[in-house]
Amino acid sequence: MKVLLTYALVALLFLGTLASCQEPNVQAPRYRLKKSTTSTTSRSSPLSYTTITNYNYNQANQLVSTRTFTGSTYLYAQDDYYLTYNDTGLLSQSEWKQDPEYPGHTLNFYRRYLYTYDAQNRLMEVKATKIVLGKAMLEYEEQYVYGSGKNPTKGVRKNYNDEGTLWMEFTASYSYNQDNVANVTTTYATGGPSNTIRYQYDDHPNPWYGVLISGGYSAHNLSKNNLLVSGQVYSYNAQELPIQTVQIDGSGQTDYEYETY
């Protein structure tokens, strides 16, 4: 789930000529996510399990693909995402496919996400389709409702089975605290109790803010700061970007690498 606008404050000093001393207007370096590495361990096994994702961009700083490797004693390429943008620079399509080097790789199954926007460039709809043996089957669709702001107040999701029959529909209602999602309340079309999730954040810039890779919006990419999860410890670099999350119980950690552009 399109892109990273985090700026570092860097002082640039230039030597002037003998006739004059003038400082040109030079843009400070910007940072974007290059790689994430997640390592997990299990009490039932001495082996650790590693997942590495590489992020690739075009010259316009648009995320155009990701490639993920997984494994324990040996890492193998697992899956890839390929992203396409429209003429206004908004994500129009994302495709998930098994990596060509994945054991048992097949072209007979992949997923496609299509994105639709309104005249104000606000995301209005996401459609997720799986393609099996050349046959496209709609998995789900999400429509978003907005108030006066740029962020959605509601998201309505409809899930379909392989025969195209609607089998679940629910609405996620968002409330905000400044630039972060404070609460998400989920209600189901069939009735029953609603469910509310409340979120807490750090005060550091979120590298996933506004980024769509697969699917639609969530608190993860609608919030300018990073979600805090109970049982995790966080570390940051000099640019205040998250570089590591560690499970307190020792079950795993995730490391993030960035590059300038």
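Figures for the structure shown
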{"quantity": "Calculated FRET value between Val156 and Ile131, using beta carbons and R₀ = 22 Å, to 0.05", "calculated": "0.35"}
{"quantity": "Residue-wise HN-Hα coupling along the stretch 191-201, computed from phi with Karplus coefficients 6.51, -1.76, 1.60 (Hz; x: Gly, Pro)", "calculated": "x, x, x, 7, 10, 10, 10, 10, 10, 10, 9"}
{"quantity": "Derived scalar couplings ³J(HN,Hα) [the stretch 84-97; Karplus, 6.51 cos²θ - 1.76 cosθ + 1.60; whole Hz; x for Gly, Pro]", "calculated": "10, 10, 8, 5, 8, x, 9, 4, 10, 7, 9, 10, 9, 9"}
{"quantity": "Order by protection proxy (mean Cβ within 10 Å, highest first), peptides 108-115, 77-84", "calculated": "77-84, 108-115"}
{"quantity": "3J(HN,Hα) from dihedral phi, the stretch 69-80, Karplus parametrisation 6.51/-1.76/1.60, rounded to Hz, x for glycine, proline", "calculated": "10, 9, x, 10, 6, 9, 8, 10, 5, 10, 8, 9"}
{"quantity": "Net charge of Cβ neighbours under 15 Å - reference Gln200; Lys, Arg +1; Asp, Glu -1", "calculated": "-1"}
{"quantity": "Helical mean residue ellipticity (222 nm; -39500 (n - 2.57) per DSSP H run of 4+; nearest 500) of the chain", "calculated": "0 deg cm²/dmol"}
{"quantity": "5 angstrom amide H check on Tyr102, placed H, neighbours 5+ away", "calculated": "none"}
{"quantity": "Residue-count net charge about Gln232 - beta-carbon cut-off 15 Å; Lys, Arg +1, Asp, Glu -1", "calculated": "-3"}
{"quantity": "Inter-site label distance for Thr40 and Val64 at 7 Å from Cα along Cβ, in nm", "calculated": "3.2"}
{"quantity": "Mean-position separation - Cα centroids, the stretch 173-248 and the stretch 55-124, in angstrom", "calculated": "22"}
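All of the numbers you see were taken from the coordinates with simple rules; none came from a lab. Bear in mind the structure is a predicted one, so any value in this text is a computation, not a measurement. Counting neighbours? That spans all protein chains shown, and the Cβs are built from the backbone with ideal geometry, glycine included.
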